[in-house]
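Taking it in order: structure first as structure tokens, then the write-up.
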Amino acid sequence: MARLAAGYVAEMAGREAEGIVSLEETGDGRWQVGVEVVETRRIPDSTDILAVYETELDAEGELIACRRVKRYSRCQLKETS
């Protein structure tokens, strides 16, 4: 499911997945997967802008929903509210 979600995000956002940050089965056969991507590459790379996209897939791996839920600098140490 994680690989499928990463592929969906890459296709929709036009960027390759940097990694999977969360994976959860919701209990009804659906999966929520958090996929991290680099939205803006900068020099030095510690200042890259990253984003997390949350996807929801059904039991067959079909995409139900995809949304960007977080955007931040790679060097950001603490999560801000």
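The values are calculated or read from the model by the stated rules, or taken from the named source; none is laboratory data. Fair warning: this is a prediction, and the values are worked out from it, not measured in the lab. We place every Cβ from the backbone using ideal geometry, glycine too, and count neighbours over all the protein chains shown.
The table below gives the values:
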{"item": "Residue that is farthest from Met1 (Cα to Cα), among those in the stretch 25-45 that are of a type in the set (Val, Ile, Thr) and part of a strand (DSSP E or B)", "result": "Thr40"}
{"item": "In the stretch 7-20, residue modelled with the lowest pLDDT [restricted to those that are of a type in the set (A, V, I, L, M) and over 15 Å from Lys70 (Cβ atoms)]", "result": "Met12"}
{"item": "Matching residues, the stretch 1-19, being over 14 Å from Glu62 (Cα atoms) and small (Gly, Ala, Ser)", "result": "Ala10, Ala13, Gly14, Ala17, Gly19"}
{"item": "Selection within the stretch 46-59 - under 10 Å from Trp31 (Cα atoms) and assigned to a loop (DSSP other than H, G, I, E, B)", "result": "Asp58, Ala59"}
{"item": "Enumeration of residues in the stretch 21-49 that are at pLDDT 95 or above, buried (at least 17 other Cβ atoms within 10 Å of the Cβ) and closer than 21 Å to Cys75 by Cβ", "result": "Gly34, Val35, Glu36, Val37"}
{"item": "Evaluation of Gly7 against (1) assigned to a helix (DSSP H, G or I); (2) in contact (Cβ under 8 Å) with a residue 12 or more places away in the chain (one fails), failing number", "result": "(2)"}
{"item": "Test for Ser22: is it out of contact with any Pro (no Cβ under 6 Å at 6 or more places or on another chain) and outside any strand (DSSP E or B)", "result": "no"}
